[in-house]
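What follows is a single structure, written as structure tokens, with notes after it.
The values are calculated or read from the model by the stated rules, or taken from the named source; none is laboratory data. Predicted model only: the values in this text are computed from it and were never measured. Because the Cβ atoms are built from the backbone with ideal geometry, glycine has one as well, and the counts that use them run over all protein chains shown. Note: accessible area is taken over every heavy atom of the protein model, side chains too, but ligands, DNA and RNA are not part of it. Shrake-Rupley method; radii C 1.70, N 1.55, O 1.52, S 1.80 Å.
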Amino acid sequence: MKLSRSEYKEIARWTDQLRPTRQCMKMLRDRFPHHSQSTLLSIFSLEYQKRTKRTISRHHAPDVMERYYQRYLNETRVRPTDPVLLELANEVDLSPALMARIILDRFLKDQGGEMPSKTILNSMLKEPSLIADQILATNIYQCTINDCCYGPLVDCIKHAVGQEHEVLLRDKLMERNLSFLDENQLRTMGYDKTPDIILEVPVAVEGHIIHWIESKASFGDDHSHRTYLNEQFWSYWNRFGPGLVIYWYGFIEELDCQRDRGILLKDCFPTDIVTLCHASQQEHTPESQKKDKE
């Protein structure tokens, strides 16, 4: 789904009032019913991450983290069965999963008297049953499953969705009998930084030659696309030639402005692929031969 920049900004402005919870995602779907859930979630996630980067430092101030921890302790004594951490995260506009990390880190310092290792911290966030305190374990779990932007569950889902779309891309290429090398094959050949697909024989899409394809299971906004251009796409272009980027959940249509320089954007697998064999056959059709004689 391609959106104009003004359409994107309208959605982005509306997300400013939302928290990264599944209940808020329902509100977003109700407000923009003509856009897919995946597109809206991707846009919200992009905008919420920008918001978090602007504000995270104030939540990590030592006195603020201590205040959060003491409030958690006080409120769980009074309301041990309530989702105290989730409510606190929503109140201060912090990702529930990031709030869970702050409180768990402080709890482990209390228990062990020293800074917990990142390995232990991450393992407990992934598997709250490892936490000795049952009330805290329950609160950590509630934060994890209710956060749609951060946390181990979101990381797992994003990885799985990314893999799913890479498989979809490979299946589409095989359906068209196009010969290609995928990222894993390229790495075994010694390439360190590669697109998802290198076509062994280039094709044409909408009149543009394509040597490689990159799959992005996300929405392409200004910030993410600019980052991808600088860190990935232009290096692919330098090494392999012009290519195609598929943003499966859509992109801002004004960003598709590098076609003449060799980077084409699509929001789905292209249906009008022209292969070298197909182009050669077209050149030898009776119609083309008749035109040549004329």
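Data overview
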quantity	calculated
Unmet requirement for R67, which otherwise passes all of (1) open to solvent by 90 Å² or more (accessible area, probe 1.4 Å); (2) not in a helix (DSSP H, G or I)	(2)
Every residue from segment 64-95 that is in contact (Cβ under 8 Å) with a residue 24 or more places away in the chain and in contact with a Phe, Trp or Tyr (Cβ under 8 Å, 6 or more places away or on another chain)	Y69, V84, L85, V92, S95
All positions within segment 26-44 that are closer than 18 Å to N146 by Cβ and open to solvent by 10 Å² or more (accessible area, probe 1.4 Å)	K26, M27, R29, Q37, L41
Any hit, segment 54-61, residues being under 29 Å from K158 (Cα atoms), of a type in the set (S, T, N, Q) and open to solvent by 50 Å² or more (accessible area, probe 1.4 Å)	yes
The lone exception for M115 - which of (1) in a loop (DSSP other than H, G, I, E, B); (2) open to solvent by less than 60 Å² (accessible area, probe 1.4 Å) it fails	(2)
Count of segment 227-247 residues which are over 20 Å from G207 (Cα atoms), at pLDDT 95 or above and either among the charged types (D, E, K, R) or in contact with a Ser or Thr (Cβ under 7 Å, 6 or more places away or on another chain) (or both)	1
Test set (1) farther than 20 Å from I145 by Cα; (2) open to solvent by 50 Å² or more (accessible area, probe 1.4 Å); (3) part of a helix (DSSP H, G or I) - R101 fails condition number	(1)
Output for segment 249-273, where each listed residue is open to solvent by 10 Å² or more (accessible area, probe 1.4 Å), under 12 Å from K2 (Cβ atoms) and not hydroxyl-bearing (S, T, Y)	E253, E254, L255, D256, K266, D267, C268
Whichever residue in segment 128-137 is among the small types (G, A, S) and in a helix (DSSP H, G or I) and, among such residues, is nearest to R51 (Cα to Cα)	A137
